[in-house]
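Only the coordinates and a few stated rules stand behind these numbers; no lab work does. Since this is a predicted model, take the numbers as computed values, not measurements. Positions of Cβ are backbone-derived with ideal geometry, glycine not excepted, and every protein chain shown enters the neighbour counts.
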Amino acid sequence: MLGIYLVPASLPAPLPLRDTPQVISVCPNWVNTNILPDDVGGRFVASQAFSPSAGALSALHGLFSSSMKGGDYVSNSRVVLLEIPGFVPGLLALSKAVHVKARMVSINVLSMVVLGLQKFFYGATVTDPSPEANDKALQRALYLWSKAAVKDFLE
C-alpha cells in the first residue's frame, strides 16, 4: 500500500546518526507511574512527583540532544544538593564509614529532599556521573546483580 505523508516545512532536519553509540545514564527523578501504594506515603510522593509526560524529558533529551557525550548523567531537574561544594565527597566518605542501615536512612531522607525540591528546578540537566561510576568492581557487581534480578524473564 502506498502512503502519502504531508510533512510541515517547519520540522527540523533529521539528526545525523553517530558513528558509535553513546552510553549515558538517565534518571527521571521522582515520577508518579501509579505503582505507589495507596496509603499516606504513596499519596504524598505522588503529589510531589512529576507526571509521566514530564518525567520523559530526561530520556528524550538523552536521545535527541546533540550535546550529549558518552558518560553523561541526565536528570529531569537540578539536584541542588550535588552543587554544594564537598557534598558528594563527604557523602561518599560517610556512606563508607557508617553502618548500612544508617546509610539507608540518610539516603531516604535525602531522597525526600530531592522529591520536595525537584519541581522548582525542572529541566533537562546534564552533569558528570558520580565518582563511583568509574569503579570497575562496582560496574561488574551491578551487572551481575542485574543479570540475576531478571534471569526469570530471559529465555
Any idea how far apart residue 34 and residue 102 come out in nm if each label point goes 7 Å out from Cα toward Cβ? 4.3
What's the ranking of 146-154, 123-131 by average number of surrounding C-beta atoms within 10 Å, highest first? 123-131, 146-154
Dipole of region 25-153, Cα-centred, from +1 at each Lys and Arg C-beta and -1 at each Asp and Glu C-beta, to the nearest 20 debye? 240
Label-point separation (nm) for residue 138 and residue 84, each offset 7 Å from Cα along Cα-to-Cβ? 1.9
